[in-house]
Structures are given as structure tokens and as C-alpha cells.
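As C-alpha cells, the structure follows; a few thoughts come after it.
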Amino acid sequence: MIKFSKKIQIQKIFILIMFIFIAGLVGCSGGGVAEEEKFIVVYDGNGGYLGNKTNTFRRLEVAANSKIPKYLSDYAQDPYVVSSLGLATRQGYNLLGWYLEENAEYAPNPNGAYVYLDIEDGNGVYTINDEGEYVYGYILDEFGPLIYIYVEPIGENDPETTEYIFFNGGNGLGFYIYNSEDADHVEVYEVDGGYSPSQLAKYVGYLQFNDLTNTEKELFQDIPRFRQDFYEYTEADEGLTRYNLESGYVYFDTMFEESVDGEYVDVEGIYQVYDAENPEHADLVRYSIANRYVFTPSAEILTPSDLDRFNADITYWDFEVDRVTKDMTLIANWEKKLTVNFIQMSGQVTAITTKQNETNTAAISLVAGETIGKLETIPTYPGYTFVGWSTSMDEYLPWDFNNDVFPLGTSELNLYAYMIQGEYTRITTASGLEKVALNPAGKYVLVNDINLNGKIYDSNMSPLGFKTQTASGATIVPFSGEFISMGYKISNFTLQVTNMRKNIDANAGVLVIGALFPYVQNAKIEGLIVEDAYAILSTTHTATSTVAEIGAAAIVGRALEGTTTITDVHVEFTITANSPNTTNYPVYVGDIVAYGVENTLITDSTAVFDYSGITGITTDVLYVEELSE
């Protein structure tokens, strides 16, 4: 194993800045402290990065009895924050606070967030120890994620017009100050040109190779790559932070990091050993044990998921009150962000970790046991129509954004864009429902429950915008399209049906039957629920007018010649009359269809139908169509 380390001047500058800051804080610490009395404070990122994507620890030397700067996960106007520290960051996690290990108490809990890595079982965690047997450094690795780009320092006597060339010099491939009297330099310069110091300012320390531009990756492809890891301490590592491998409690999720060739996969919150022959593992993200932790499987404990769990009661360091009285290590306590993955048919995933607060003025983190934010963008896919977000990839189990809450005991929730084949008009509101009549041959899908709030549809109107014709010889335009509901309901409405005619016109043979669809022909209606629905038949007549043929049903008034299929519907429907007067003409009522049921095919449907309020309404015949038991 080849080890590699460099002393970088910027680190010295950073430490000087920290001394200046801490000196300011010490000003309020009281007198009597010896100037030479110092303590070491270590910020342990505990799986998170501190300042950049290579530092997981920060080590400060501070005066006794002083306060220390806060390490936050976002920038804030705070007198205890030093911007040069940078941020404490960990992708997918929220920083809860910093604590001393002695201020954490652990208790067994099967749903706890912590596990105990016991050195006696071949497990452990690397912890800082000035006499430790290990160091954490940079190791040459052909496929490592890090790269160190050498930039020759500018000397005091170098001119302001200094230029660099990319050259294979004494420190390997890197940027060297151009020397016009060096033939090798001139050869490179004439071909590739030069670089100004400002262009190279960003190449400080170790960088993430994948964060470079494609042009940079091509230029630096022959520069050695590195990874960070623990290895045994030698005298050559003098000055590096040292560690021991010890037993300890660790936050379970901290143990894992994504890895292309990782040996574990996460199956519904349980880490399993990756099996290349298991098709269920094929598309799952793979994970490895983070290099700070050591886990040795056994016959009983195959993966870290089999370890006993613990809860932690933690007292956090108060940066505005607490003072340093000894060497100490502050540990970052992270909580995995609750994440909702909105997964589209195309495979695109949108991960959401926040929602709007009640006043829609700020984003707040998701909380288990509370509702989640809704992805407002409507997914699209060629030849399909989006219905809603489902908890199942294979069937429609809709997520109710108004009432369903993020489940306890997990940090991720997957919601799948449920699509139906074909191009349909999505109906989400009452106003959208009223537009069905504008295109009676169209294809519609109801994707929301629609409560019509007790609205009375008079003048023989329907919530779908249809009007039952009462004029003799009027052209009837039936609904002949598709109306699909994925179990959503239309509820809380009343149809007011009237067929008042002059006595001389009473025998014109005009049937007025109210329903959501007054007329259908070769239509398809599927999955619709109708609840809290009523029809009031107008039976009031005068000496010169007569109530002619009248009726109502929940879904279909009249089914015209052909075959209309009605599948998997449920209705709860009640019919009454507006007066005790009787009519001398037939009355047609039904739970699902009132007239022309022979022109329909009804399957897998149920109904609760009450027409007791119109018994005796006619001196002629009361025709009732009900589902067969």
C-alpha cells in the first residue's frame, strides 16, 4: 500500500484565522488563565464533510475556558460562526447538533437508530487518539475519487506576469511556472499555451475527480488518483491525526455509503448482501461500509442490519454557553432526511425532502407522522395518462396528500406515477366535470374525489354539463366516449327533474330522465363511485299542465341502442318527489340505469337505492330497474 501526504500552506493560514477568532471569544472568559494553557478540540464530522468534500475532521488548538465557533450546515448571521470553517454537510441528512460521547446515553430499542460495534466481534469504529495506531490519509488508487493537482508556488521574486504550463516536471504532471529559456517549456508552451495564476487558483488540495469538467478530466487523466482510508501509522506520518480502532455506538445509517460495487443493497430498509443472480437486486443502489467503520459478518450476524439496536439520549454542546476545559472531541449528530421519491414511468426520480409551511412562506423538512408535500408537476409519458401517485408500482393504491402521513420507522417513501394507457382528459375539479358535455365522444379519467357541496342541478341539468331534452323532436346527443374513475367519487348533489307539459302536448312521448349521463350509446363507464346523490321529481301540475313521463337514475338516464359497458361502479342514490300530487304517466327509476338497461352490460357493481319516497307517485306504472342480487 502506497501512502501519500502533503503539507499545504492554506491549512496554516486557516489555523491562524481560528486563533484570531478564538482570541476574541476568550476576551469574555475571565482572567487568571495562563497563556500557555491550551486544549485540543476536534470536530468529528461523523460521516459528514467539514468545509469541503475531503475533510471529515477539524482540529483546533484553543485557550482554556474559551468558547468555540459553531459548525453549522447552512450559512447564518451568527457571531459564533466563522465563515472560513465552511459548512458541515452530509448529503441526505440534517445536522441536529454536536455532542461529547460522554453526554450520550444509550438504551436497547428494537427500532433504535444506533448499533454497537464491538471490537471483540471483529467490529469497531476509528476514533481519534494521540497515541493511536492508525492515521487517515491519502492512498494511491487507480480508480480513487480524489486527485491532487500540483501547482508550483510563486516565489517572492517572480514577476506579476508569471505564466504556467501543464508539464511533467519534478513533482509529476502539474502546473509549473513557465521558463522561456527552457527548451522543453517552450515546446509545450508553443503547442498548448499558458495559464494565469488566477486560472489555477481553484486547484488547492485534493479535489473530487467527478466534480471536474470534462475538459479538466481529459487534461488530468494521467495524474495519479487517490482515496482516503485508514492505515497503520509510521514515522513518515508524523503530524497526521492518529486513531485507534475501538468499540463504540454509531448511528446506523452513517455506516453505509453508496458504492458502484458495494456488497449490500437496501431492501425496504433492511441491508442485504448483494446477490447478482437475484433479479430483485438488479436495479437497487449498492452500498459499502464506510471506511471509518469495521464490520465482520458471522453466521448469526450476516449484515449490520442484524445487529441489536439502541436509542440515544443526547445532550448537545451549547456553543453560546459552554466553555472548553479539556481536550475533547465534538461529534456531529445527523438525522437522515425523510425523503419522498416521486418515480415516473420513464424512470425519472424526483426526491423531495421538504414541504411548504402552513403559510407557504418557507420550506420545512418533512416529519414522520405528518403530511408530505405534493409534487405539482404532472408526469407525462407518450401514449399514457397520469392518474395519481401510488404507493405500489403495479396497482393503483393512491396516496392521499390531504390525510396520509409519512410512515414512522423509515426514512424513505416511494410514490409511483400511476398511468393508464391512452390519452384521456384528466378531471380534477367540479368545473372540469361540467366540461364533459362539450365533447360527449371524449375520453375522461376522474382523478380526484369531487364533493359538489349539496348543489341542486335544476332545469334538468347534470353535474357533467348535460341537459335532458324536453322539447318535442329535439336532437339527442348521447355520451359515447369513455369515463373512467380509479375509485374516485362524485358526491353530495341533487338532480331536479321536471317534465311539465301543456295538456295538449302531454302525449308527445318525451321522456325526461335525470342522471349524470342523461343519454349514453356505446359508452364505457368504469370505476365510478356516486355517493350522497339525490333526485327530486317535480310532480306539481296545474289545470292546464301535466307531468308527463319522468324518472331518474344515479348514472345513466337512457341507454340508447348499442352496448354501453358499466363496470365496477357503486352508487348510493335516493329519489323523492316535490309534492304529493300523482301523475298519470309512467315513471322510470333505477339505481344505475333507469331506461334501456337491455342496451347495457353491467358487471362487478353495487348499489344502495331508496325510492320509497315516490311510491304511489303515478296512477300508471312505476318502472324500477335494480341490480340483480
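Can you give the translational diffusion coefficient of the range 195-234 in µm²/s, computed by Stokes-Einstein from the Kirkwood radius over Cα pairs at 10 °C and 1.306 mPa s? The partial results should precede the final answer.
Working: Rh = 12.4 Å.
Rounded to a whole number, D works out at 128 µm²/s.
Quick one: the Cα spread of the range 239-317 along its three principal axes, in angstroms, biggest first?
Extents along the principal axes, in whole Å: 46, 34, 27.
When the chain is fully extended, how far beyond the present Cα-Cα distance does Thr303 get from Asp184, taking 0.36 nm per residue of separation? Working shown, then result.
Details: separation 119, 0.36 × 119 = 42.84 nm, distance 5.61 nm.
Working it through step by step, the gained length comes to 37.2 nm.
Between Asp532 and Val349, what is the label-point separation in nm under the 7 Å Cα-to-beta-carbon projection?
4.0
Between Arg426 and Val367, what is 0.36 nm times their sequence separation minus the Cα-Cα distance? Round to one decimal in nm.
So the chain would gain 18.2 nm between Arg426 and Val367.
Among Thr234, Val188, Phe209, whose Cα projects farthest towards the positive end of the dipole of the range 179-298, with charges put on the beta-carbon of Lys, Arg (+1) and Asp, Glu (-1)?
Thr234
If the viscosity is 1.002 mPa s and the temperature 20 °C, what Stokes-Einstein diffusion coefficient in µm²/s follows for the range 323-388 when Rh is the Kirkwood radius over Cα pairs?
Details: Rh = 15.4 Å.
Rounded, D is 139 µm²/s.
Write down the percent of antiparallel bridges among all DSSP beta bridges whose residues are both part of the chain, to the nearest 5. The partial results should precede the final answer.
Numbers: 83 of 156 bridges.
Bridges in the chain that DSSP calls antiparallel: roughly 55 percent.
Net charge within 13 Å of Gln356 by Cβ-Cβ distance, Lys/Arg positive one each and Asp/Glu negative one each, not counting Gln356 itself? Could the numbers behind the result be given before it?
Values: positive: Lys355, Lys374; negative: Glu358, Glu370, Glu376.
For residues surrounding Gln356, the net value is -1.
Rounded to whole Å and sorted largest first, list the principal axis extents of the Cα atoms in the range 432-564.
Rounded to whole Å, the extents work out to 48, 32, 21 Å.
Which value in nm describes the separation of the simple spin-label points at Asp400 and Asn291, placed 7 Å from the Cα toward the beta carbon?
5.0
How many angstrom lie between the C-alpha centres of the range 111-148 and the range 282-332?
First find each Cα centre; the distance between them is then 11 Å.
Share of Cα-Cα pairs in the chain beyond 47 Å, in percent?
Looking at the chain, the distances longer than 47 Å represent 45 percent of pairs.
With every protein chain present, what accessible area does Met328 have (1.4 Å probe, heavy atoms only), rounded to the nearest 10 Å²?
Met328 exposes around 20 Å² with every protein chain in place.
How big is the range 443-484 in terms of Cα radius of gyration and Dmax, in angstroms?
Considering the range 443-484 through its Cα atoms, Rg and Dmax are 13.2, 38 Å.
Go through Thr428, Thr542 and list them by solvent-accessible area, largest first, probe radius 1.4 Å.
Sorted by accessible area, descending: Thr542, Thr428.
Take the alpha carbon atoms of the range 579-629, find their center, do the same for the range 210-255, and report the distance between the two centers in whole angstrom.
Distance between centres, Cα-based: 79 Å.
How high is the relative contact order of the chain, in percent, counting Cα pairs under 8 Å that sit 6 or more residues apart?
10
Rounded to the nearest 500 deg cm²/dmol, what is the calculated helix-only ellipticity per residue at 222 nm for the chain, with -39500 (n - 2.57) per DSSP H run of length n ≥ 4?
On the way: 4 runs with 38 residues, N = 629.
For the chain, the value works out to -1500 deg cm²/dmol.
Stick to Cα atoms and the Kirkwood definition of Rh, then tell me Rg/Rh for the range 150-229. Show your work: numbers first, answer last.
Values: Rg = 13.3 Å, Rh = 13.7 Å.
My calculation puts Rg/Rh at 0.97.
What accessible surface, in Å², does a 1.4 Å probe find on Met345, ignoring ligands, DNA and RNA and rounding to the nearest 10?
90
Largest first, how would Leu408, Leu511 line up by accessible area (1.4 Å probe)? Display every interim value, and only then the final one.
Numbers: Leu408 135, Leu511 20 Å².
Of Leu408, Leu511, the descending order of accessible area is Leu408, Leu511.
Run the numbers for Thr213 and Ala543: contour at 0.36 nm per residue of separation, minus the present Cα-Cα distance, in nm. Can you show the working numbers first?
Numbers: separation 330, 0.36 × 330 = 118.80 nm, distance 9.01 nm.
Gain in length upon complete extension: 109.8 nm.
If the only charges are +1 at each Lys and Arg Cβ and -1 at each Asp and Glu Cβ, what is the size of the charge dipole of the chain around the Cα centre, to the nearest 20 debye?
3020
What is the ratio of the Cα radius of gyration of the range 57-108 to 2.2 N^0.38 Å, where N is its residue count, to two decimals? Display every interim value, and only then the final one.
Numbers: Rg = 13.5 Å, N = 52, 2.2 N^0.38 = 9.9 Å.
Rg over 2.2 N^0.38 Å, computed on Cα atoms: 1.37.
I'm a student and want to see the number: the projected area of the Cα convex hull of the range 582-629, averaged over all directions, in nm². Walk me through the numbers on the way to the answer.
Working: hull surface 14.8 nm².
Quarter of the Cα hull surface area: 3.7 nm².
Just list whichever of Lys53/Lys217; Lys70/Lys336; Lys467/Lys489; Lys337/Lys489; Lys70/Lys326 have alpha carbons separated by over 28 Å in the model shown.
Values: Lys53/Lys217 18 Å; Lys70/Lys336 21 Å; Lys467/Lys489 21 Å; Lys337/Lys489 35 Å; Lys70/Lys326 18 Å.
Correct reply: Lys337/Lys489.
For His570, His541, His185, write out the residues from largest to smallest accessible area, computed with a 1.4 angstrom probe and no ligands counted.
Working: His570 45, His541 75, His185 20 Å².
Order by accessible area, largest first: His541, His570, His185.
Give me the three principal axis extents of the range 521-629 from the C-alpha atoms, as integers in angstrom, largest value leading.
Sorted largest first, the three principal extents are 44, 29, 20 Å.
For the range 307-459, rounded, prolate or oblate, judged on the Cα gyration tensor with a ≥ b ≥ c (square roots of eigenvalues), a/c < 1.5 rounded, else prolate if a/b > b/c?
Values: a/c = 3.40, a/b = 2.36, b/c = 1.44.
It comes out prolate by the Cα gyration axes.
Normalise the Cα radius of gyration of the range 266-391 by 2.2 N^0.38 Å (N = residues in it) and let me know the number.
Values: Rg = 20.9 Å, N = 126, 2.2 N^0.38 = 13.8 Å.
For the range 266-391, the normalised Cα radius of gyration is 1.51.
Averaged per residue, what accessible surface does the chain expose to a 1.4 Å probe, in Å²? Please list the in-between numbers first.
Working: 32890 Å² over 629 residues.
It amounts to 52 Å² per residue over the chain.
In Å³ and rounded to a whole number, note down the convex hull volume per residue for the Cα atoms of the range 294-337. Could the numbers behind the result be given before it?
Working: hull volume 6.2 nm³, N = 44.
Dividing the Cα hull volume of the range 294-337 by its residue count gives 140 Å³.
As an exercise, use a Förster radius of 30 Å and the Cβ-Cβ distance of Glu131 and Arg227 to find the FRET efficiency, rounded to the nearest 0.05. Intermediate values should be presented prior to the final figure.
Working: r = 25 Å, r/R0 = 0.85.
For R0 = 30 Å, the calculated efficiency reads 0.75.
About its Cα centre, what dipole magnitude does the range 258-325 give when the only charges are +1 on Lys and Arg Cβ and -1 on Asp and Glu Cβ, stated in debye to the nearest 20? Show your work: numbers first, answer last.
Values: 4 positive and 16 negative charges, 65 e Å.
Computed charge dipole of the range 258-325: roughly 320 debye.
Mean 1/r over all different Cα pairs, inverted: what Kirkwood radius does the range 203-281 give, in Å? Intermediate results must be reported in sequence, preceding the final value.
Working: mean 1/r = 0.0580 Å⁻¹.
Evaluated on the range 203-281, it is 17.2 Å.
Over the Cα atoms of the range 67-163, what Rg and Dmax result, in angstrom?
Looking at the range 67-163, its Cα Rg and Dmax stand at 21.2, 67 Å.
Take Tyr80 and Asp449, extend 7 Å from each Cα along the Cα→Cβ direction, and tell me the distance between the two endpoints in nm.
4.7
The values are calculated or read from the model by the stated rules, or taken from the named source; none is laboratory data. Please read all numbers here as calculations on a predicted model, not as lab measurements. Glycine also receives a Cβ, built like all others from the backbone with ideal geometry; neighbour counts cover every protein chain displayed. For the accessible areas, the whole protein counts, side chains as well, though only heavy atoms, and no ligand, DNA or RNA atoms are used. Shrake-Rupley method; radii C 1.70, N 1.55, O 1.52, S 1.80 Å.
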